[in-house]
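The values are calculated or read from the model by the stated rules, or taken from the named source; none is laboratory data. Note that the structure is a prediction, hence the values are computed from the model and not measured. A quick note on method: Cβ atoms are made from the backbone with ideal geometry, for glycine too, and the neighbour counts reach across all protein chains shown.
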Amino acid sequence: EAQVTQNPRYLITVTGKKLTVTCSQNMNHEYMSWYRQDPGLGLRQIYYSMNVEVTDKGDVPEGYKVSRKEKRNFPLILESPSPNQTSLYFCASTALARGNEQFFGPGTRLTVL
Amino acid sequence: GQQLNQSPQSMFIQEGEDVSMNCTSSSIFNTWLWYKQDPGEGPVLLIALYKAGELTSNGRLTAQFGITRKDSFLNISASIPSDVGIYFCASNQFYFGTGTSLTVIP
């Protein structure tokens, strides 16, 4: 079954404490993304990766890092989280050959106190 | 970055009613995609449109790719309670609309 998994699903942390949200896909897609979803703003792309070792900034990259050491995994790293990063985060894997149809993970609800 | 203008922002309708929402942009796109997000889950693709003027159906859902390639609409006929959720339009360039929150009253 085609799947994008991300962990954890829920996380409450404090300002400045480094955290990582993992993402994995089993569809052999080259293109993966991270989005944040905030009320009234829809989905905004944080970072994307077009292939292994190739990453680039999306629309809202400040305060985030990513890495792509393997095709299937694309972790999101918050080195020093701040309260304005409280949000709902989605990892997505993209079928470039199908008009950029995206497959989303189940989401990670992050609260930074 | 660019966002797509999606309206309405929210809708409250009676079960059985039809629903219409649309998305516009100042840019031309090659693909329009419509997603639905159920509460507590990630968005899932409903319909993909690849050609200007294309009209595509998926059950009670119908979507059209505008002739100008700058807009798209989604219709849901005879709504049912499980249609509740947030609907997003998206382009092939990874831009998303701000979403339409749909509530269906039984």
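Need the failing condition index for A:GLY63 against (1) at positive phi; (2) modelled with pLDDT under 95; (3) surrounded by fewer than 18 Cβ atoms within 10 Å (Cβ to Cβ), just the number.
Among (1) at positive phi; (2) modelled with pLDDT under 95; (3) surrounded by fewer than 18 Cβ atoms within 10 Å (Cβ to Cβ), A:GLY63 violates only (2).
Are any residues in the stretch A:6-57 more than 16 Å from A:LEU110 (Cα to Cα), β-branched (Val, Ile, Thr) and in a strand (DSSP E or B), and if so, which ones?
A:VAL54, A:THR55 - these are the residues of the stretch A:6-57 that are more than 16 Å from A:LEU110 (Cα to Cα), β-branched (Val, Ile, Thr) and in a strand (DSSP E or B).
Kindly indicate whether B:LYS70 is modelled with pLDDT under 95, surrounded by fewer than 22 Cβ atoms within 10 Å (Cβ to Cβ) and either of a type outside the set (S, T, N, Q) or under 26 Å from A:GLY107 (Cβ atoms) (or both).
On the way: modelled with pLDDT under 95: yes; surrounded by fewer than 22 Cβ atoms within 10 Å (Cβ to Cβ): yes; either of a type outside the set (S, T, N, Q) or under 26 Å from A:GLY107 (Cβ atoms) (or both): yes.
Yes: the conditions hold for B:LYS70.
Just the residues that are assigned to a loop (DSSP other than H, G, I, E, B), within 15 Å of A:GLY16 (Cα to Cα) and not acidic (Asp, Glu), please, taken from the stretch A:64-86. Can you show your working first?
Of the stretch A:64-86, the ones assigned to a loop (DSSP other than H, G, I, E, B) are A:64, A:67-72, A:74-75, A:79-82, A:86.
Applying the additional criterion that residues be within 15 Å of A:GLY16 (Cα to Cα) yields A:64, A:79-82, A:86.
Within the stretch A:64-86, A:TYR64, A:SER80, A:PRO81, A:SER82, A:THR86 meet the criteria.
How many residues does the stretch A:89-113 hold that are facing chain B (nearest Cβ under 10 Å) and of a type in the set (A, V, I, L, M, F, W, C)?
Matching residues across the stretch A:89-113 total 7.
Taking the stretch A:35-46 as the search range and keeping residues that are aliphatic (A, V, I, L, M) and either facing chain B (nearest Cβ under 10 Å) or surrounded by fewer than 18 Cβ atoms within 10 Å (Cβ to Cβ) (or both), which one is nearest to the chain's Cα centre (by Cα)? Give the derivation first.
Our first condition is that a residue be aliphatic (A, V, I, L, M); within the stretch A:35-46, this holds for A:41, A:43, A:46.
From what is left, the residues that are either facing chain B (nearest Cβ under 10 Å) or surrounded by fewer than 18 Cβ atoms within 10 Å (Cβ to Cβ) (or both) are A:41, A:43.
On the way: A:LEU41: 17, A:LEU43: 11 Å.
Among those residues, the one meeting the criterion is A:LEU43.
Looking only at strands (runs of 3 or more DSSP E) that fall completely inside the stretch B:1-85, which ones have 1 or more residues that are in contact with a Leu (Cβ under 7 Å, 6 or more places away or on another chain) and of a type in the set (D, E, K, R)? Break it down into steps so the answer makes sense when it comes.
Values: elements: B:5-7, B:10-14, B:19-24, B:32-37, B:44-49, B:55-58, B:61-65, B:71-76.
Filter on the stretch B:1-85 gives B:32-37.
Working carefully through the options A:MET32, A:MET50, A:MET27, find the one that is within 14 Å of another protein chain (Cβ to nearest Cβ) and farther than 21 Å from B:TYR95 by Cα.
Values: A:MET32 fails: farther than 21 Å from B:TYR95 by Cα; A:MET50 fails: farther than 21 Å from B:TYR95 by Cα.
Within the list A:MET32, A:MET50, A:MET27, the selection yields A:MET27.
I need the full set of residues from the stretch B:23-58 which are facing chain A (nearest Cβ under 8 Å), surrounded by 14 or more Cβ atoms within 10 Å (Cβ to Cβ) and in contact with an Asp or Glu (Cβ under 8 Å, 6 or more places away or on another chain), in order please.
Selection gives B:LEU33, B:LEU45, B:ALA48.
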